Structure formats: C-alpha cells, structure tokens
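The values are calculated or read from the model by the stated rules, or taken from the named source; none is laboratory data. All values derive from a computational prediction rather than experimental measurement. FYI the Cβ positions are ideal-geometry reconstructions off the backbone, even for glycines, and counts take in every protein chain you see. Protein only, heavy atoms only, side chains kept; ligands, DNA and RNA dropped before computing areas. Shrake-Rupley method; radii C 1.70, N 1.55, O 1.52, S 1.80 Å.
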Amino acid sequence: MSEGSTTRRDPWSELGDLPERVNMARFLVERAHEAPMAPAIRVASGVGDALTFTDTTYAELEVHSGTLAAALTFEGLGPGDRVSVFVRPGVELIAITFALLRMGAVPVLIDPGMGPKNVLACVERMRPKAFIGIPLAHVLRRLRKKAFRTVELDVVARGRGAGLVAGLTGAKTTGDLLVEYAGKNRPLRDSRRDEEAAILFTSGSTGPPKGVTYTHGMFEAQVRALQATYDMRPGEVDVACLPVFALFSPALGMTCVFPELDPSKPASCDPARIADAIRASGATTTFGSPAIWRRVVPHCLETGKDLAGLRRVLIAGAPVPSDLLADLRGLLGPDGDVHTPYGATESLPVSTLSGAELLEDEGGELRRRSESGSGTCVGRPVAGIELDLIRITDEPIERWSEDLLVPDGELGEVVVRGPVVTAEYKFEPGHTAAAKIPVPADATHHEGEVRHRIGDLARRDTAGRIWFHGRKSHRLETAAGIVMPVPVENVFNTHPSVARSALVGVGERGAEAQVLVVCPEPDAWPTGRAAGTDLAGALFEHVADEPSCAGVERILFRRELPVDVRHNAKIHRGELKDWATEQGAPEGFPR
C-alpha cells in the first residue's frame, strides 16, 4: 500500500486554520488598503514598439467593485441569488465578479466557447435571477428567452454597442450603475466558510458541462494552496493567459495583465503579442494552456528573445511534452522554472511537477520514463490534498472504505480530499453521486466530507509521484486487457515527424483494436499512399522496442485533432473514435 494511503495526512491543517467567516472579496479590499496606487489590472494592446497598457489601480478597482455591489443591491439582488456573467476578460469581469462575491450573490461562469446549445442548457439549469453580459450576449438572451426565463434583472456590461442594446431592451449598463450610485459602497458580507460563493462550469471536453459549486472557504483554501505551492507574493505581475485564473490575481495581491488573446482560441494566439506583453509588463508569472506555449516558444527561439523576467510558468490543461518544457525552461532566467499543475475544475490544485525535477532529477530518468511508456508524471500532491488511487469501476460508490485502495504501482482511479475539493455539482444529483464518495465522519474526517473522483487513471511510484495515464472514460478494453492512451502517445510523440497523436479503440468493447491517429508536423504530411506507408513504417520502427506500443495495430493520419475550447489541448477522443471507426481498415496503415 502506498505511503499516501497508509500514513494519513490532514489536508486542512497543512493550509492553516480556515476561519468560519470568510469572503473571497476581502482580498481585494485588503490589497486596496495596503497598496491603493499599485496597478491591479493592465490591459495590453498592440505589439512591439506600439504596445501600450491601460491601467487600473487597486483603489480604482475597489471603488468600481464596491459601487457595483451597492448598485446591484439597490436594484434588488441579494445574497444567494445566482447571476449569469458573460463578460470578456478584463477590468469589467474582475470588478463584476468581486462585486457579486462581496455582496454574497453567486456568479455563474460558463465558457461561451462550448457552443450555443450547451451554453443555453447550462443557463436554463442554473435558473439565474440576474444576467450581466456584453451586448452580443443580450442579443442571445432575447433570441432564446426560454433559457433566461427566470431573469429579473438585466445589466449590459460596458463595451461597443452597450448603450444601444440598453436602450432597446430597457436594461441599464454597468456604466449607468456606476454613475447613478457613485459614492455608495456595499460593505463586505460576513459570509460563512461553507456558503456558496460561485458556480464554475467544466469545459465539457470529457462529458456534459457541469456547474461546480465553490464555497468561500474553498476559494480561501485555493489562495493559500497557490501561495504555499508556488510562493506567489503580493507585488508580482501575472500575465493571464487562462482567464479564469485571473480571478486569483487580485486575491494574491498580484498585478493582472490581460494580453491580446481570444480565450476561446488560445491555439490561434499571436505569439508576439503574448511574449511582448510578458516582457513589457515585467511579468514574474503566467499561466496558460500548452497550445499557447506551442506558439510562443518557437516564436521566441526564432526571434532570439527570451522571457528571463519570469520566475514561474504554469502550464495545464493537457499533458505537456518534455521537449516543450525543456525549450520553454531554456528561455527563462537562472531562477525561473516551468511547472505543470494537475487538477480539475472540481479540485485545484491537486499535484504539481517542476521542469527542474522532470528534466534533471536522477539524471533525467523521469523524462526517460515519461517518453518510454510510463505515462505523464504530474508530481506529488500539494499541501491541502490527500490523494488516493482506487479500484477501477464506472459505478457510483456509496461509501468510502480503505478496501477500495490499490497498491503502489497498480493502475487506479484518482480520488482526492481536502479543503479545495468541491462537494457537489449544482442541480446535478446524478453526476454528484457518480463523482463523489461520502466519507463517514470521525476524528479525522469532517461532517459532510466527500472524496472526489477526478475520473483519471494513474499509478503512484515508490517516491510518491503520480503518473497520469488518461481519462477513465478513454480507456481501451482490448482482448489483452485495459490499455491507456497517454503512455502510448508519449512514446510515438517523440518522433520528430509527429506533432500530436491520440490512441483510440475501434470495435467491440472487450475486443477493441488499438488505432493511433497521428497529426504530423506540417512539413511531414504524407502526400499519397506510398508516403503514408513509409511514415507509418518509420513510426512503428521508432517504437519497436517499447512494450507499451506493441498492441497498436494501425495508424491513421489527420491534419488536426479535435480539441476542447478552454485549453485547445484536450483531445475530443469520442469524436476521434467515431471518425477512426468510419475510416475503416483500408484507410489505415497496418503495423
């Protein structure tokens, strides 16, 4: 049995005493008092010598947020009321979110990039009392009234066309509210630790999007976990390449820089604008998807410009190739490093691994293991997390028991407990039952505590590191047993002609054939059947000595792999499995 399973940690004590009364918005109030003229938010525009920033100080952001909280209170919004927020990343998003937290209302944050059908279904399920959105979102609201039928208060976020939309709908703009209620301020609500603070939706990349209930205590614990794990300090500068993480910047006392970036299309970002914003702002930290760094790193290498001012780069959303980590780490200064935090919307952070450990520990042994079929190392659990691996099952688990645990080295499902772990999906009792394991209250467990099933499969090594093998729902059930995609893909991805790959199962469950879909590098695309045969042969030869790849029967080539909206990195394997099945054997290249 693993050390983490037999020697129980108290994840709550590792983050210090969490107060009974706490409000996430207090961090903004405190920072505005400590450093009122420090920049809270900087919005970048332009590139190169034409790059400029529009700045908002902590004092200005606090007044903006406090006035909005007062205005929304006078307009009839109260504690516990859910508010759908559809606002682009920037000052408005931060001010509105903290205003709602401040007054005890519950912001509901949904990725608009998940598509109109999913967005409308999520809104309708949440039954919001208020709707705050950009002008285009208000047009959708009018066209799809059924999903918004519970809305009693409409507010148009400032932006192009806001006045026109407000005039046509009778709604007020946030600008109107700031003028009308100027000089008023909503005191910080004395919220309970277990009180609902926000609802954040999963991306829907591995199932239907679900609303995750966050409490004020969870937010407090996450801030402490980030500080303890990455030593983030007030006064630092964060370039927000993952918009949802930007909400933590004010809580951590950092300046949040918004680069020019379409959050729904990170893989299409202009790398020069990201790199220039990092250098010109004096950024010390940044958090983004692997899709962003696949563009920024080559740009920096081609232009000969480094990112030496960064102390830390956080990359999450999908497994990160070792060569990308090595190249990015080479662009940083001697004190900088790259980190790959692991977690989920329902529990973040869970574990972390630094580039230094992956690339240098034990003479590079971890990297060799990652590239030879051991999976992707995601490090050790962070402070505030107890992580276990349990037997694989698709059925709900009604009660936690130590009998569920698997030994070190055995493949198991990841489950976690701790103050950053959510207890439910809002209005989703079926999904909650499937993902949460109730824990009987005793001397070491809190009343109502759950363990969350992340839905990933992994192994734990003898040093306590976790090795990610893929989503449980993506496992292949072959005649030889369960096969996980990530270890196989990691090996094939080391071939210089492979940009990405994805292993899917084709055929009847229990007798699935292993089919690898390869996205070649642009200059390696095989033109014609003969070239495809040659490239497939080279790939099979490349992995000939790796037992984990021995079961791959066929290779298909595809110019792009379908990916999620939030990170542009998680592969939509269900869609890819259907596509591979449709191709049939004649289109593939056999071993």
Item to check | Residues located in segment 156-182, provided they are surrounded by 19 or more Cβ atoms within 10 Å (Cβ to Cβ) and part of a helix (DSSP H, G or I) | outcome: ALA162, VAL165, ALA166, THR174, LEU177
Item to check | Residue selected from segment 427-444 under the condition open to solvent by less than 30 Å² (accessible area, probe 1.4 Å) and either free of Cβ contacts under 8 Å to residues at least 24 places away in the same chain or under 19 Å from the mean Cα position of the chain (by Cα) (or both), by the criterion nearest to MET484 (Cα to Cα) | outcome: ALA435
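Let's see how each residue does on (1) hydroxyl-bearing (Ser, Thr, Tyr); (2) farther than 29 Å from GLY113 by Cα; (3) assigned to a strand (DSSP E or B); (4) out of contact with any strand residue (DSSP E or B) (no Cβ under 6 Å at 6 or more places or on another chain):
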| position | (1), (2), (3), (4) |
| --- | --- |
| PHE468 | no, no, yes, no |
| VAL486 | no, no, no, no |
| HIS495 | no, yes, no, yes |
| LEU516 | no, no, yes, no |
| ALA531 | no, yes, no, yes |
| ASP534 | no, yes, no, yes |
| GLU553 | no, yes, yes, no |
| LEU561 | no, no, no, no |
Checklist entry - In segment 362-371, what residues are open to solvent by less than 50 Å² (accessible area, probe 1.4 Å) and either at pLDDT below 90 or more than 25 Å from the chain's Cα centre (by Cα) (or both)? => result GLY364
Item to check | Residue count for segment 262-292, restricted to those that are touching a residue at least 40 places away in the same chain (Cβ under 8 Å), open to solvent by 30 Å² or more (accessible area, probe 1.4 Å) and under 17 Å from the mean Cα position of the chain (by Cα) | outcome: 4
Item to check | Qualifying positions in segment 312-323 - at pLDDT below 95 and open to solvent by less than 30 Å² (accessible area, probe 1.4 Å) | outcome: ALA316, GLY317, ALA318, VAL320, SER322
Checklist entry - With respect to the numbered conditions (1) touching a residue at least 60 places away in the same chain (Cβ under 8 Å); (2) open to solvent by less than 50 Å² (accessible area, probe 1.4 Å); (3) not β-branched (Val, Ile, Thr), which one is the sole condition not fulfilled by ALA513? => result (1)
Next on the checklist: Being at pLDDT 90 or above and either more than 17 Å from ARG509 (Cβ to Cβ) or open to solvent by less than 60 Å² (accessible area, probe 1.4 Å) (or both) is the filter here; which residues of segment 573-587 pass it?
Outcome noted: ARG573, GLY574, GLU575, LEU576, TRP579, ALA580, GLU582, GLN583
Item to check | Filter result for LEU109 (open to solvent by 20 Å² or more (accessible area, probe 1.4 Å), touching a residue at least 40 places away in the same chain (Cβ under 8 Å) and in contact with a strand residue (DSSP E or B) (Cβ under 7 Å, 6 or more places away or on another chain)) | outcome: yes
Checklist entry - Out of all the residues in segment 333-340, is one or more within 17 Å of the chain's Cα centre (by Cα), touching a residue at least 40 places away in the same chain (Cβ under 8 Å) and open to solvent by less than 10 Å² (accessible area, probe 1.4 Å)? => result no
Checklist entry - Does any residue of segment 542-554 turn out to be open to solvent by less than 40 Å² (accessible area, probe 1.4 Å) and of a type in the set (Lys, Arg)? => result yes
Checklist outcome for this item: Heads up, the strands (runs of 3 or more DSSP E) in segment 27-131 (entirely inside) with at least 1 residues that are among the small types (Gly, Ala, Ser) are 39-45, 82-86
Next on the checklist: Among the residues of segment 62-75, are any under 26 Å from the mean Cα position of the chain (by Cα) and open to solvent by 20 Å² or more (accessible area, probe 1.4 Å)?
Outcome noted: no
Next on the checklist: Among the residues of segment 337-360, what is the count of those that are farther than 26 Å from VAL420 by Cβ and either among the acidic types (Asp, Glu) or modelled with pLDDT of 95 or more (or both)?
Outcome noted: 1
Checklist entry - Considering segment 275-292 alone, what residues qualify as being in a loop (DSSP other than H, G, I, E, B) and at pLDDT 95 or above? => result GLY282, ALA283, THR284
Next on the checklist: Going by what's in this entry, would ARG233 be described as open to solvent by 10 Å² or more (accessible area, probe 1.4 Å), without any contact (Cβ under 8 Å) to a residue 40 or more places away in the chain and in a helix (DSSP H, G or I)?
Outcome noted: no
Checklist entry - Can you name the residue in segment 473-484 that is crowded, with 22+ Cβ neighbours inside 10 Å and touching a Gly at 6+ places or on another chain (Cβ under 8 Å) and, of all such residues, is farthest from PRO341 (Cα to Cα)? => result LEU476
Item to check | Near pairs, Cβ below 8 angstrom, 6+ apart or cross-chain, from segment 146-175 (free of Cβ contacts under 8 Å to residues at least 24 places away in the same chain and under 20 Å from GLU124 (Cβ atoms)) to any residue that is hydrophobic (A, V, I, L, M, F, W, C) and not in a helix (DSSP H, G or I) | outcome: none
Next on the checklist: Please count how many residues of segment 300-341 are part of a helix (DSSP H, G or I) and of a type in the set (Gly, Ala, Ser).
Outcome noted: 3
Checklist entry - Considering segment 421-456 alone, what residues qualify as being hydrophobic (A, V, I, L, M, F, W, C), modelled with pLDDT of 95 or more and farther than 16 Å from PRO396 by Cα? => result VAL421, PHE427
Checklist entry - Looking at this structure, is GLY330 among the small types (Gly, Ala, Ser), open to solvent by 20 Å² or more (accessible area, probe 1.4 Å), out of contact with any strand residue (DSSP E or B) (no Cβ under 8 Å at 6 or more places or on another chain) and within 23 Å of GLU260 (Cβ to Cβ)? => result no
Item to check | Scan of segment 84-97 for residues that are closer than 23 Å to THR150 by Cα and open to solvent by less than 10 Å² (accessible area, probe 1.4 Å), ordered by number | outcome: SER84, VAL85, ILE96, THR97
Next on the checklist: Which of the numbered conditions does LYS570 fail, given that it passes all the others? Conditions: (1) over 18 Å from MET484 (Cα atoms); (2) of a type outside the set (Val, Ile, Thr); (3) at pLDDT below 95; (4) in contact with a Gly (Cβ under 7 Å, 6 or more places away or on another chain).
Outcome noted: (1)
Checklist entry - In segment 563-572, which residues are among the hydrophobic types (A, V, I, L, M, F, W, C), part of a loop (DSSP other than H, G, I, E, B) and open to solvent by 30 Å² or more (accessible area, probe 1.4 Å)? => result VAL565
Checklist entry - Yes or no: VAL123 free of Cβ contacts under 8 Å to residues at least 40 places away in the same chain and among the hydrophobic types (A, V, I, L, M, F, W, C)? => result yes
Item to check | Residue satisfying condition, being touching a strand residue (DSSP E or B) at 6+ places or on another chain (Cβ under 6 Å) and surrounded by fewer than 20 Cβ atoms within 10 Å (Cβ to Cβ), within set LEU153, LEU188, LEU136 | outcome: LEU153
